[in-house]
1. Quick check on my filter: what residues within the range A:193-203 are without any contact (Cβ under 8 Å) to a residue 60 or more places away in the chain and surrounded by fewer than 19 Cβ atoms within 10 Å (Cβ to Cβ)?
2. Every residue in the range A:558-586 that is of a type outside the set (A, V, I, L, M) and either assigned to a helix (DSSP H, G or I) or crowded, with 24+ Cβ neighbours inside 10 Å (or both), please.
3. Out of the range A:277-306, which residues are surrounded by fewer than 23 Cβ atoms within 10 Å (Cβ to Cβ) and either on the phi > 0 side of the Ramachandran plot or of a type in the set (Ser, Thr, Tyr) (or both)?
4. Quick one: how many residues across the range A:520-557 are open to solvent by less than 70 Å² (accessible area, probe 1.4 Å), under 14 Å from residue A:439 (Cα atoms) and outside any loop (DSSP other than H, G, I, E, B)?
5. Could you check, for the range B:218-230, whether at least one of its residues is modelled with pLDDT under 70, more than 8 Å from chain A (Cβ to nearest Cβ) and either more than 26 Å from residue B:154 (Cα to Cα) or in contact with a Phe, Trp or Tyr (Cβ under 7 Å, 6 or more places away or on another chain) (or both)?
6. Quick check: anything in the range B:284-293 within 11 Å of chain A (Cβ to nearest Cβ), in a helix (DSSP H, G or I) and at pLDDT below 85?
7. Out of all the residues in the range A:360-371, which are crowded, with 20+ Cβ neighbours inside 10 Å and away from every other protein chain (no Cβ under 14 Å)?
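The values are calculated or read from the model by the stated rules, or taken from the named source; none is laboratory data. The structure presented is a predicted model; accordingly, all values stated were derived computationally and were not measured. Here the Cβ positions follow ideal geometry from the backbone for every residue, glycine too, while neighbour counts run over all protein chains shown. The accessibility values were calculated without ligands, DNA or RNA, using every heavy atom of the protein model including side chains. Shrake-Rupley method; radii C 1.70, N 1.55, O 1.52, S 1.80 Å.
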Amino acid sequence: MFVFSLRNNGLQVSCLRGRCAFLSTTPPDLQIVKCRLCYVFRCTFPERPMTTNQAIDRDSRGTVFAVMVPAFLLMSCQGFVLQTPAPSGLPAEGNGMPGQPPGMNPGDPTQMPPTNCDPTSAAPGHSALRRLTNTEYTNTVQALLFTAKTPGSSFQEVAKGPSGFTNDAEALVIYPALISGYYDAASALAKDVVASKGVANGAWSKLVTCDQLQPACATSTVSKLAKRALRRALTADDLSSTNGLLAVFNAGGSFEQGLQDVVVSLLMHPEFTTIPILDAKALDSSATFQLDDFELANRLSYFLWQSMPDDPLFALAESGTLHEPATVAAQVKRLLADPKAQALRNTLRDEFAELSALARVDFLQLGQTNALRDAMIGETNAFFTDMLSNDRSALSIFTNQQSFVNKTLADFYGLTFPVGTNVNSFVPMTGDRTGVGAHASVLTNTAGGTATFTNPIKRGHWVTKQLMCAEPPPPPPNIPLLPAATQPNTTIRQLLDAHVRGPCSGCHVTMDNIGLGAENYDAFGRWRTQYAPNVAVDATGRFSDGSTFSNSRDMYLVLGKQPAVKSCFAQQMMKLALARSFNKRTTDDYCVATSIGEAAVTETGHFSDLIVRIALSNQFLRQSGEAP
Amino acid sequence: MNFKINRRGLLTSAGGFAALPLLEMLSSKRALADASSDPRRLVMIHFPNGTVTRQNNPTWFSAPDGPVTPSNAPIPFQPFSGNLGDFTILKFLTQSARQATYNLGGGGHQGSKPCFFTGQVPSNLGTNASGLSGDSFDVMYAKLTPQKKSFYLANAEQYTDGLDGVRFNYELSRLNGQNVVPEINPVRLFQSNFSMLMGGVPPLKSDYQRNPKILEVPTAAAQTLRAQLGKDDRLRLDAYLSGLGDLKTKLGSQPPPTTSCQAPPSPTVDLATTNQRSLSGKSYFDRMLAFNSLIAVAFQCDLIRSVAISFGDESNFVTYNGAYPSGLNYNGASVALQADHSLSHNTPIGGSNSGGFGFNENMTRDRLHLFLVVDLVNKLKAITDPSGSKVLDNTIVMGGFCVDDGQHDGASSLGSPVVVAGGKNFMSPGRSLNATNFDLNDLYFTFASKLGMNLSSFYPIDQITVNGNRTGRKAGTTLIPL
């Protein structure tokens, strides 16, 4: 039998032939630690100390666990006592052992808010070769070929990767049908280019700017197009007339056919469809190196625009000055101010706030109108638009107390929409909600999908995952049903009470607490103070740091002041910027993110401050090599 | 197909057209008399998230052994009285692989699909590698067909990331050197597989054939790039190179246009609604019905003989959104707006739980799954093979679960239902069949026999010795009297 006493935190664990139990109650600030251990070891967590002979079977997980548990437990315990973790400081993703879902990596000592780390010396990590997302593909061909078509929408939709974003290299699988789809799209786009010949301001006129009867025109046209398509300086091999792009052109037989074939060939080129980072040190796993300026240009533009670099970025890359800190900062601000930055807004709306699913829900089936659905999403869209265009603090995502409403949403919220204002425009109005988490869109999306009841667990899960970067694991098998209500007017808080006292408490204490704290918002996010006559909503609660709240408005206010959410948002933006999840073998990524969060996600800061700090970090400017 | 070639040969040797009417007649008589020369097909359909079948409420297994009739039809089948003669309901079929998968944790969800399609236990649920050592059964059969091709059609899937990737890991099956990747878009399936029926060489093919450098230059560039990448990045680029190779093969070797089959209309399912998860019911049903239409044409034109279908992933958030006939509601219980996984997990017998979902809703959900199967069955019934036999009568359509009931109530569960439809030319559907003494692997072994796969057992003996009993496949597989 192994008995572990976890230093400084009061947790005692006993394991006997693969059967583990926690022998002591868990301090509030270790609930998530407990949750993670619970999931992996299938232990239960008594509120009263247990004796070892009360140890609970681990749900028949298989003999391998009997061997692994002690070792992992040691690692876990060691990891957890290295720091004094706040419950909200744990990163979301992880896959520490077989069968373990994202959000779980209890043996990883890096999943703590790092302290005493030096972000300037942090190892940059490795962003894997990745293909363009479908949106990036569309945006890039639109910029490259001056088309309005959206071929990326015909590719199979990409789900979020472990980082929580769709640009994650892990999510962007390459498969034969995709290559076939690339070819179909390339062929159609190339034909469109030729078909636009003679059309004023058509693609042909922008791609062919010389007299095609002149011998040099082919080379200059192909060269100019290839440089933009491959997004780097060209080599002689690229343009070779024997086995390069000019060979493709010449085999076409005519200028038109040649250019058409070159377009297809470029759109099938791996350096068009993927975003490689290359260096002489790239094959040395112990080395780090700086991105060249073209790679940096790509990283910036695909981060903030989800599209290829524009001419000014290319020019700076070509001059070799883009990497200079002042230039990077200036370019970040320029890109953020550009209309193309709406791509970043869309990502915040659809992937950070996770509203892409809501847009497909038929509200008529819920007894509401689709105009209301669009208004809800429109509010979040307007909020992020406002934050980006006015360069507000990223902290406003959590603390902003203004709603953005059109007439439909104002009526729904019970606000008086200003007379004389376009009923379809979204105007800021002060209401009874704080931060994006209190937008009707998010509240509806996380309410459980029905018109009649909320789902506090789901709401709490969203907050812990998206705002606190502390996603709990999925429920284990054999979850019992909540006890049936035995009395009329039983509230959801009363039903969920079993969670905080039983074996589910490890995960549910935090989730349920937050979810119940949002109970002043009904299934559609409308403010309410009672469920039914004489059945009051109780949305009071407390966070593990002792801060309390008396209703949902207060809950989101308190939440917005949690240090963890600042670090979390910096983490989220870094993952998006790097198109990867954090390196779980070191503290480097977390160190940098925490540092940036503390410095830039502040009441007086600007959103661009956060992005500039990310763009100037080691993680963004540099890359670690990979074993050959 | 063969008889047409013979006919041409006969015509040539006859030296004139005068014999055509007679030969036509003879051919027809010969064909009608011999359905055994018709191609045999397989459709495997995975239902996600389990269902309710317990000792105190056997639902799917309520009919006594023997013919299924409208008066004894199990609840899920009751709306489909016109199709009861098409289905055999296998009662209490043992699923040893499912049970072993369940023991790995996660309620069995993670391994449900690979377990169902392969009959194996995915030993490693933490990665896409999954520990599976063989092809899925549909791919096993596809490899033995002339086309060497399988449709793998999926609805509401998320197979590329994290945990859901694990839930989808049977895609490790390989056909023609490529991973079998699910297709979720009927329009793309149409474009990539039915163009040869359009009456001409696809224009996209001519581009590459006219100027092969179009793809040779990117291929060479990928090889150059590959040399500059580390191990993991190189693997990603290998997939790209592999895809380019596959594309070149495909563009260079498309079959000549077929004149005996009519191209179906392109599906009208909106390309933009192909989201895998959080899918609305409308697009969920539209997509599946469109797939069914394409399968029917593909079978009739003998473009393919093996199809696997996944109705959703094991945790999917598909909501049915009212986009189904209300007559399917059991006891009036609508499942509009409810997620499939949530429905399956909230199934107290005899009523609704605190979440609002109950047994009735779960039965409605099962009917929705069957509704889509019945749609396919009816489409296969409406078309004929060269012999004049209905395509359905030469086709095995099987559907089932590979996870226990929604609450994973293994103690009282009677097992995961499996139904088999079609195949009247070599099976006797329309029955409720006690399969207590058989395993899912026996069923696949039986299918293999019906499909002419000539297997001595479902899998070689070495497949079952890995980690003791983990594969679920067993030697000495026996035939189920289908």
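1. Once the filter is applied, which keeps residues that are without any contact (Cβ under 8 Å) to a residue 60 or more places away in the chain and surrounded by fewer than 19 Cβ atoms within 10 Å (Cβ to Cβ), the range A:193-203 yields A:195, A:197, A:198, A:199, A:200, A:201, A:202.
2. As a first pass, look at the range A:558-586 and keep what is of a type outside the set (A, V, I, L, M): A:560-563, A:566-569, A:571-572, A:575, A:580-586.
Hits for the range A:558-586 are A:560, A:563, A:566, A:567, A:568, A:569, A:571, A:572, A:575, A:580, A:581, A:582.
3. A:285, A:286, A:288
4. Final tally of qualifying residues: 5.
5. First, the residues of the range B:218-230 that are modelled with pLDDT under 70: none.
Scanning the range B:218-230 turns up no residue that is modelled with pLDDT under 70, more than 8 Å from chain A (Cβ to nearest Cβ) and either more than 26 Å from residue B:154 (Cα to Cα) or in contact with a Phe, Trp or Tyr (Cβ under 7 Å, 6 or more places away or on another chain) (or both).
6. yes
7. None - no residue of the range A:360-371 is crowded, with 20+ Cβ neighbours inside 10 Å and away from every other protein chain (no Cβ under 14 Å), so the list stays empty.
For (1) in a helix (DSSP H, G or I); (2) at pLDDT below 75; (3) within 14 Å of chain A (Cβ to nearest Cβ), each residue gets a yes or a no:
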{"residue": "B:70", "(1), (2), (3)": "no, no, no"}
{"residue": "B:73", "(1), (2), (3)": "no, no, no"}
{"residue": "B:83", "(1), (2), (3)": "yes, no, no"}
{"residue": "B:90", "(1), (2), (3)": "no, no, no"}
{"residue": "B:110", "(1), (2), (3)": "yes, yes, yes"}
{"residue": "B:117", "(1), (2), (3)": "yes, no, no"}
